[in-house]
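The values are calculated or read from the model by the stated rules, or taken from the named source; none is laboratory data. Keep in mind that what you see is a predicted model, and the values were worked out from it rather than measured. Every residue, glycine as well, gets a Cβ built from its backbone with ideal geometry; the counts of neighbours run over all protein chains shown. Keep in mind that these areas ignore ligands, DNA and RNA; they rest on the heavy atoms of the full protein, side chains included. Shrake-Rupley method; radii C 1.70, N 1.55, O 1.52, S 1.80 Å.
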Amino acid sequence: MGYLTFKGKSYYAIFAVSGRKIWKKIGRVDKREAKRILKQLSLEFEKDRLNIREIKYITLFDYIERYLEYCLANKATSTYRREAVVMKPQKEFFGNIPITRIDTQMIESYKVKRVKEGNNGE
């Protein structure tokens, strides 16, 4: 079930999905009409017809596993082996965090660490 809010001369329906708020603009209508539309949108939301998808967070380890499966099926065996070796220090550095938490600063820190270890090209 969503709820209404009024902002900048328009009503919005707000739905919670995976701990995030999704805003759907209702528009410049009176409060009674906004409530009617909210009720309609809530029914559509419950039937999964609003094209609001639950956000699924994938961890780095799951992403690497999927990537290596892709490599195994689509690349040469030697490339697959090299990619598997390259992923090990990444897993150790970043840990099993959601990939959405990996930012530019973390990547730059990882690159600096690898250069200091003498592994800048690997």
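Can you give me the three principal axis dimensions of the chain from its C-alpha atoms, in Å, biggest first?
Each principal axis gives a Cα extent; for the chain these are 66, 32, 19 Å.
For LYS35 and LYS7, what is the calculated FRET efficiency with R₀ set at 22 Å and r taken between the beta-carbons, to the nearest 0.05?
For R0 = 22 Å, the calculated efficiency reads 0.85.
What's the angle, to the nearest 10 degrees (0 to 90), between helix 60-74's Cα axis and the longest principal axis of the chain?
70
Run lengths n ≥ 4 of DSSP H only: what is the helix-derived mean residue ellipticity at 222 nm for the chain, with -39500 (n - 2.57) per run over all residues, to the nearest 500?
-16500 deg cm²/dmol
Please work out the average accessible area per residue across the chain, using the 1.4 Å probe convention, and give it in Å².
76
Please report the carbon-and-sulfur percent of the accessible area for the range 53-106; probe 1.4 Å, protein heavy atoms only, DNA, RNA and ligands left out.
51
Just to confirm the number: angle between the C-alpha axis of helix 77-94 and the first principal axis of the chain, 0 to 90 degrees, nearest 10?
Value to nearest ten degrees: 70.
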